[in-house]
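For reference, the structure is listed below as structure tokens.
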């Protein structure tokens with residue numbers, strides 16, 4: 001039996017949970033019955049006040065180290081977002097990559113603006129959806145619906161039930177929408193007292209001090225100002241507490257974040273002494289292991305936030321606003337809170353005080369959040385899509 005050839009199309013290699021998760025899927029499936037390759041539309045992006053080169057990205061390096069072919073259409077800096085027009089050489093390169101594949105995966109719906117171009121080889125496309133607000137994705141939703149109408153998109157992976165419901169309401173046929181819940185590497189993300197002590201020591205945080213972690217890129221949907229207002233309330237009431245902020249743009253080099261911090265702390269700027277801006281970290285398992293609480297204050301877009309899952313698997317109690325599937329993820333493991341600074345701060349305090357109480361439930365949920373389970377489900381869906389495409393010929397390109 002020949003290998004099933006799968007091509008993934010990325011908008012670019014920039015920091016974010018969807019790229020981490022999709023790269024995990026590719027790594028998990030490559031080298032067995034399936035052979036995977038990745039084509040990134042952009043080789044460098046400027047997002048979240050951060051220059052992000054493909055070659056510097058941890059996912060890129062992991063894929064290359066595993067023998068996955070990774071290439072890019074464009075290598076120069078881009079301000080963010082997909083180009084509206086693709087050159088003839090770029091379309092030719094995409095055609096060659098697609099022709100060498102049996103199935104194409106689109107990481108989110110944005111790359112469909114490229115894949116829908118007339119003249120590209122017809123290959124069954126699986127669109128991997130990771131948000132719960134298709135109406136806020138600009139022309140990407142139109143590209144998804146156009147790909148479905150043209151017969152290119154044969155299935156959509158939804159990382160959360162909220163994603164499935166939102167895209168069904170937006171006009172995607174329900175029979176194309178398949179829910180595959182997110183999973184993480186349980187060998188990497190686990191409680192680890194040694195890592196906890198080392199990370200805390202490196203940041204000058206006492207072993208017993210309560211620590212709140214916010215792992216998110218600097219983006220409007222993450223509602224960073226709300227998190228910072230809650231941090232002010234928490235640090236004021238917990239004199240030993242510390243707050244760690246990780247992700248693209250979560251550094252002092254980001255002037256917008258500096259302005260947000262100044263506005264949130266107001267007349268108490270000294271509270272920032274117990275706030276650490278860590279930026280993009282390659283050792284998030286250590287950061288989560290050192291945390292008592294992992295929090296998310298998003299106001300839109302979230303589906304099944306990877307930071308909540310990773311944090312929980314390392315023993316941190318989750319506290320989140322009710323966006324996407326966050327409430328379902330947190331149920332029985334932590335707290336869902338209204339988007340009010342005082343209520344969020346109070347939930348952090350209660351969560352930090354009850355870490356031992358939540359530990360058994362977090363331990364019992366590990367299998368539910370297994371990356372092994374997730375990768376197997378992706379692999380099975382890809383095989384079903386390929387088999388279906390082999391039985392039902394793809395439509396001829398429209399003239």
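Right, residue 199: more than 22 Å from residue 320 (Cα to Cα), surrounded by fewer than 18 Cβ atoms within 10 Å (Cβ to Cβ) and either outside the structural domain of residue 309 (by TED's automatic domain parsing) or in contact (Cβ under 8 Å) with a residue 24 or more places away in the chain (or both) or not? Break it down into steps so the answer makes sense when it comes.
Numbers: more than 22 Å from residue 320 (Cα to Cα): yes; surrounded by fewer than 18 Cβ atoms within 10 Å (Cβ to Cβ): no; either outside the structural domain of residue 309 (by TED's automatic domain parsing) or in contact (Cβ under 8 Å) with a residue 24 or more places away in the chain (or both): yes.
No: the conditions fail for residue 199.
Is it fair to say residue 5 is in a helix (DSSP H, G or I) and either modelled with pLDDT of 95 or more or surrounded by 19 or more Cβ atoms within 10 Å (Cβ to Cβ) (or both)? Give the derivation first.
Numbers: in a helix (DSSP H, G or I): no; either modelled with pLDDT of 95 or more or surrounded by 19 or more Cβ atoms within 10 Å (Cβ to Cβ) (or both): yes.
Considered against the rule, which asks whether it is in a helix (DSSP H, G or I) and either modelled with pLDDT of 95 or more or surrounded by 19 or more Cβ atoms within 10 Å (Cβ to Cβ) (or both), residue 5 comes out as no.
Please count how many residues of segment 300-313 are in a loop (DSSP other than H, G, I, E, B) and either in contact with a strand residue (DSSP E or B) (Cβ under 8 Å, 6 or more places away or on another chain) or without any contact (Cβ under 8 Å) to a residue 24 or more places away in the chain (or both).
We begin by selecting, within segment 300-313, every residue in a loop (DSSP other than H, G, I, E, B); these are 300-305.
Among the residues that remain, those that are also either in contact with a strand residue (DSSP E or B) (Cβ under 8 Å, 6 or more places away or on another chain) or without any contact (Cβ under 8 Å) to a residue 24 or more places away in the chain (or both) are: 302-303, 305.
Looking only at that region, the number is 3.
Out of all the residues in segment 25-44, which are closer than 20 Å to residue 130 by Cβ and assigned to a strand (DSSP E or B)?
Narrowing segment 25-44 to residues closer than 20 Å to residue 130 by Cβ: 25-29, 36, 38-42.
Residues satisfying the conditions are 36, 38, 39, 40, 41, 42.
Mind counting the residues in segment 245-293 that are outside any helix (DSSP H, G or I) and touching a strand residue (DSSP E or B) at 6+ places or on another chain (Cβ under 9 Å)?
First pass over segment 245-293, keeping only residues outside any helix (DSSP H, G or I): 245-254, 266-268, 275-283, 290-293.
When the remaining residues are screened for being touching a strand residue (DSSP E or B) at 6+ places or on another chain (Cβ under 9 Å), the result is 245-254, 275-281, 290-293.
Adding up the residues that qualify gives 21.
Residues that are modelled with pLDDT under 90, at least 1 per element: which strands (runs of 3 or more DSSP E) completely within segment 45-124 meet that?
On the way: elements: 50-53, 69-74, 103-107.
Result: 50-53, 69-74.
Can you name the residue in segment 254-278 that is in contact (Cβ under 8 Å) with a residue 60 or more places away in the chain and surrounded by 18 or more Cβ atoms within 10 Å (Cβ to Cβ) and is also farthest from residue 239 (Cα to Cα) among such residues? Before you say what the answer is, go through the steps one by one.
We begin by selecting, within segment 254-278, every residue in contact (Cβ under 8 Å) with a residue 60 or more places away in the chain; these are 254-257, 276.
From what's left, surrounded by 18 or more Cβ atoms within 10 Å (Cβ to Cβ): 254, 257, 276.
On the way: 254: 27, 257: 23, 276: 15 Å.
Within segment 254-278, the match that is farthest from residue 239 (Cα to Cα) is 254.
How many residues does segment 326-365 hold that are outside any helix (DSSP H, G or I) and more than 25 Å from the chain's Cα centre (by Cα)?
Here the count works out to 1.
Which of the numbered conditions does residue 122 fail, given that it passes all the others? Conditions: (1) over 30 Å from residue 372 (Cβ atoms); (2) in contact with a helix residue (DSSP H, G or I) (Cβ under 8 Å, 6 or more places away or on another chain).
Only one criterion is unmet by residue 122, namely (2).
Output the residues belonging to segment 96-128 that are free of Cβ contacts under 8 Å to residues at least 60 places away in the same chain and under 24 Å from residue 305 (Cα atoms).
109, 112, 127
Condition test on residue 215, is it under 17 Å from residue 276 (Cα atoms) and either touching a residue at least 12 places away in the same chain (Cβ under 8 Å) or surrounded by 14 or more Cβ atoms within 10 Å (Cβ to Cβ) (or both)?
Working: under 17 Å from residue 276 (Cα atoms): yes; either touching a residue at least 12 places away in the same chain (Cβ under 8 Å) or surrounded by 14 or more Cβ atoms within 10 Å (Cβ to Cβ) (or both): yes.
Judged against the criteria, residue 215 is a match.
The values are calculated or read from the model by the stated rules, or taken from the named source; none is laboratory data. Just so it is clear, the model here is predicted, and its values are computed rather than measured. Methodologically, a virtual Cβ is constructed for each residue, glycine included, from the backbone with ideal geometry; neighbour enumeration extends over all protein chains shown.
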